[in-house]
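Everything on this sheet refers to the single structure shown next.
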Amino acid sequence: MADKEATVFIIDLGASMTATNGGRKESDLDWSMSYVWDKISNVVASNRKTLCVGVVGFRTDETNHTLGEDGYENISILQPLGPMTMTSLKNLQSKVKPSRTVEGDAISAIVVAVDMIDTYTKKNKWKRQICLVTDGHGEIDPDDIDDISRKICDSNIELTVLGVDFDAPDYGFKEEDKSLVKKQNEQTLKRLVDGCGQDSRFASIVEAIDDMNEPRAKSVKPYKTYDGLLTLGDPKNAPAVVDIRVERYFKTHLARPPTASTVVVKEEQAGPSEAADEEQMDGVELTAVKQARTYKVNDPDAPGGKRDVEFESLAKGYEYGRTAVHISESDHNVTKLETQKSFKIIGFVQKEKYELLLNLGETCVTIAAKYDEKSELAFSSLVWALSELDSYAVARLVTKDEKEPIMVLLMPHMEPNYVCLYDVPLPFAEDIRTYQFPPLDRVVTVSGQTLTSHRLLPSDELNQAMSDYVDAMDISTYGIDEEGEPAEYATIEEIYNPAIHRTNHAIKQRAVHPEKPVPEIPPVLLRFAAPPTELVETVQAKIDSLVQAADVKKVPPKAKGKRQRETVKPISGLDVDALLGEEKKGSISPENAIPDFKRALNSSEEVEQIADATKQMAAIVRSLVTDSFGDSKYAQAMEGIGAMREELTNLEEPGLYNDFVRDLKKSLLSGALGGDRRDFWFKLRWAKLGLIDKKQSEASTVTPEEADEFYKSR
């Protein structure tokens, strides 16, 4: 495929294009231009100067082109053939408007487009394309069609004709009550396309628009990640060493959504530096933001007590505890592993003993070096040996000098006249974390007894119900192929990454129509977001049986004033507090405040009882602060506040604590608790015992910003 592409769009701007047909809400021109804008916006997004676009309008009010012969009236070049930018796109949008005339020949417009391509591309290697969009209502001169077809073929141009409401039998579309002129024009254009070769296409534009939202996989050029020797053995210690010249390329590469840049709205009066930014941002209403960073150090002799330092004078320091340890550049080089470019096989592993969970990262492919028969023969022998022995090779790869080594697993792959090694990165020993989990089919008690029947284990009835449900929801053969036979429902080629394609779709729409809201998600991206409705309705009985066997119950809403975790009850079921003579609703004593407070909350059944216990605890905390000689009782008061915060958070009653701590702050700063107690307020702030915000408790009405503001003394 040629790297350079030249495409000319020919747009019918006749007065008939303002009509609204086919039950659509927009005019034929706006509807058909949605396809053209999509193709042009793809070119703009690629930001490649080798993708050139030109636009020609026919049935226009003016005549503007390089051919001055008769028969080419009412044809205008709206966009000269060349690279497409956002500025060009904006200028073109203002020119694409319906005219007030019906004069202008589509065949003549194609001749103008052919002349544009021949003049621009000359005899160089280009991929040349012409796309004609028309409603077929204008007069078309069928003379010289055969000569024009030969000229298109000689120029190696692919011609595509897309008609508004043209008949498409293969697509199942046919326009009723079609005028005689349109029928003749369709036949003329179809004859022109048939004479232009197999690569030319004639279709109804409804096919192209319906296919527009179908994501297109981006094909990228393969590039080498390694070019050198693949060795087996140690050349320093062993004379028998296998070395093969190979090339390594990417096989799969992770695709990511386009990243956003920080921009700012341009000012109307831009200076010289801003003008450069405008060119960089392609003349849109935004301009790039330049970021600058300065470094300062404390210096009593400098104005303001700080002095600027250059970036080159900074030194690297690594955090060790709460201390920054300086390492000079010479010492830092010692920590780097000095490596040399290499690709060494260090061992082999049986295929059945390798665990696929060790695969990491992207896949690459290694082949023998081109035009090296010796390496090709040795490489083919290696691949065949691995395949015959059902083995994989483990290799150490350093793609460049001084680069970190990686471990890769080499897997053989053979096709007729083609052999290669696929590789995936492997983890190092330090990357492996081993965890032990209890078995899923049995329960082992503390005494070592094994139980196969337990409330935590599924019963035979539940296992059977789950098995039936899984079998009924099998979609591997739920699809239907072209011959009506069962086929795979969701193939790899039909599943797209919504994050990537949705972002690209939104960017293109906003670029073409900045005043319109972002459109809805294309249905093609949501095709497999949920199981087929018909399948779910069919297996509803299986689902009901599974729900019944699993005893699925609706989780009740979280009760206000109840603990998040269930209180542990004694096995005997006896009331231990009653046996020990403890009163459930006793008062909280200052001598045993925290245990009494927790016991009172445990025995509370109403919110009023929780509020009463909180009120008693608050009074004890206040008395501790008031009676404290210096900070002698501060620690006891802080412990009480911490207990209140924790318990009331667990009980989903943060409002009681927040009311208490607000009043406590007011009393501390006003001197109402035995004089100046601001030192206790500073301890409270340091311990972060302020308001409970929404992040800490869903029942709280305090935002994180309000919680941060609370710590500021006023």
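Only one entry in Asp481, Asp431 is acidic (Asp, Glu), modelled with pLDDT under 85 and assigned by TED's automatic domain parsing to the domain that holds Leu382, namely Asp431. Take the conditions surrounded by 12 or more Cβ atoms within 10 Å (Cβ to Cβ), part of a loop (DSSP other than H, G, I, E, B) and among the hydrophobic types (A, V, I, L, M, F, W, C) and apply them to Leu337. Does it pass? No; evaluated as a whole, the condition is false for this residue.
Mind listing just one residue for me: the one in region 599-620 that is part of a helix (DSSP H, G or I) and acidic (Asp, Glu) and, of those, modelled with the highest pLDDT? Before you say what the answer is, go through the steps one by one.
To start, the set of residues in region 599-620 that are part of a helix (DSSP H, G or I) comprises 599-602, 607-620.
Those still in the list that are acidic (Asp, Glu) too: 608, 612.
Working: Glu608: 84, Asp612: 87.
Among those that are part of a helix (DSSP H, G or I) and acidic (Asp, Glu), it is Asp612.
Just so you know, in region 99-141 the residues that are farther than 23 Å from Met17 by Cβ and out of contact with any Lys or Arg (no Cβ under 8 Å at 6 or more places or on another chain) include one that is surrounded by the fewest Cβ atoms within 10 Å (Cβ to Cβ), and it is Lys123.
Residues in region 520-558 that are touching a residue at least 60 places away in the same chain (Cβ under 8 Å) and loosely packed, with under 12 Cβ neighbours inside 10 Å: Pro523, Lys558. Does region 44-55 include one or more residues that are surrounded by fewer than 20 Cβ atoms within 10 Å (Cβ to Cβ), of a type in the set (S, T, N, Q), part of a helix (DSSP H, G or I) and modelled with pLDDT under 90? Yes, there is a match, as at least one residue in region 44-55 is surrounded by fewer than 20 Cβ atoms within 10 Å (Cβ to Cβ), of a type in the set (S, T, N, Q), part of a helix (DSSP H, G or I) and modelled with pLDDT under 90. Each residue in region 635-654 was checked for being over 15 Å from Val621 (Cα atoms) and surrounded by 17 or more Cβ atoms within 10 Å (Cβ to Cβ), and 7 pass. Among residues of region 680-708 that are touching a residue at least 40 places away in the same chain (Cβ under 8 Å) and of a type in the set (Lys, Arg), those with a beta-carbon under 7 Å from a residue that is surrounded by 13 or more Cβ atoms within 10 Å (Cβ to Cβ) and in a helix (DSSP H, G or I) at least six positions away or on a different chain give the pairs Lys683/Tyr634; Lys683/Met638. The residues in region 647-680 that are of a type in the set (Ser, Thr, Tyr) and outside any helix (DSSP H, G or I) can be counted, and the count is 0. For region 681-714, the set of residues classified as assigned to a loop (DSSP other than H, G, I, E, B) and among the hydrophobic types (A, V, I, L, M, F, W, C) consists of Ala687, Leu689, Leu691, Ile692, Ala699, Val702, listed by residue number. Within region 190-240, being out of contact with any Lys or Arg (no Cβ under 7 Å at 6 or more places or on another chain), crowded, with 17+ Cβ neighbours inside 10 Å and under 25 Å from Lys400 (Cα atoms) holds for Leu230, Leu232. Report whether or not Val424 is farther than 30 Å from Glu520 by Cβ and over 32 Å from the mean Cα position of the chain (by Cα). So Val424 fails the test.
Filtering region 299-314 to residues that are surrounded by fewer than 10 Cβ atoms within 10 Å (Cβ to Cβ) and either among the aliphatic types (A, V, I, L, M) or in contact with a strand residue (DSSP E or B) (Cβ under 6 Å, 6 or more places away or on another chain) (or both) leaves nothing.
Checked against the criterion of being surrounded by fewer than 13 Cβ atoms within 10 Å (Cβ to Cβ), out of contact with any strand residue (DSSP E or B) (no Cβ under 7 Å at 6 or more places or on another chain), small (Gly, Ala, Ser) and in the same structural domain as Thr614 (by TED's automatic domain parsing), the candidates Ser700, Ser632, Ser667 yield just one match: Ser632.
Does Leu89 fit the bill of being assigned to a helix (DSSP H, G or I), more than 26 Å from Leu189 (Cβ to Cβ), touching a helix residue (DSSP H, G or I) at 6+ places or on another chain (Cβ under 8 Å) and touching a residue at least 60 places away in the same chain (Cβ under 8 Å)? Yes: the conditions hold for Leu89. Scanning region 480-491 turns up no residue that is surrounded by 15 or more Cβ atoms within 10 Å (Cβ to Cβ), within 27 Å of Trp37 (Cβ to Cβ) and in contact (Cβ under 8 Å) with a residue 12 or more places away in the chain.
What do you reckon, is Phe58 at pLDDT 90 or above, crowded, with 19+ Cβ neighbours inside 10 Å and in contact with a Cys (Cβ under 6 Å, 6 or more places away or on another chain)?
no
Counting only residues that are closer than 16 Å to Ile205 by Cα and touching a Ser or Thr at 6+ places or on another chain (Cβ under 7 Å), region 169-195 holds 3 of them. The set of residues from region 358-409 being buried (at least 16 other Cβ atoms within 10 Å of the Cβ), touching a residue at least 12 places away in the same chain (Cβ under 8 Å), in a helix (DSSP H, G or I) and not hydroxyl-bearing (Ser, Thr, Tyr) comprises Ala378, Phe379, Leu382, Val383, Leu386. Among the residues making up region 442-452, a single one is in contact with a Ser or Thr (Cβ under 8 Å, 6 or more places away or on another chain) and part of a loop (DSSP other than H, G, I, E, B): Arg442. A single member of Lys251, Lys266, Lys236 is more than 30 Å from Val111 (Cα to Cα), in the same structural domain as Pro405 (by TED's automatic domain parsing) and at pLDDT 80 or above, and it is Lys251. Figure legend. Inter-residue proximity from region 203-214: first residues without any contact (Cβ under 8 Å) to a residue 60 or more places away in the chain and under 17 Å from Ser41 (Cβ atoms), second residues surrounded by fewer than 17 Cβ atoms within 10 Å (Cβ to Cβ) and not polar (S, T, N, Q), beta-carbon distance below 9 Å, spacing 6+ or different chains. No pairs are indicated. For region 366-402, the set of residues classified as of a type in the set (Phe, Trp, Tyr) and more than 37 Å from the chain's Cα centre (by Cα) consists of Tyr371, Phe379, Trp384, listed by residue number.
The values are calculated or read from the model by the stated rules, or taken from the named source; none is laboratory data. Given the structure is predicted, the values throughout are model-derived calculations rather than measurements. Glycine also receives a Cβ, built like all others from the backbone with ideal geometry; neighbour counts cover every protein chain displayed.
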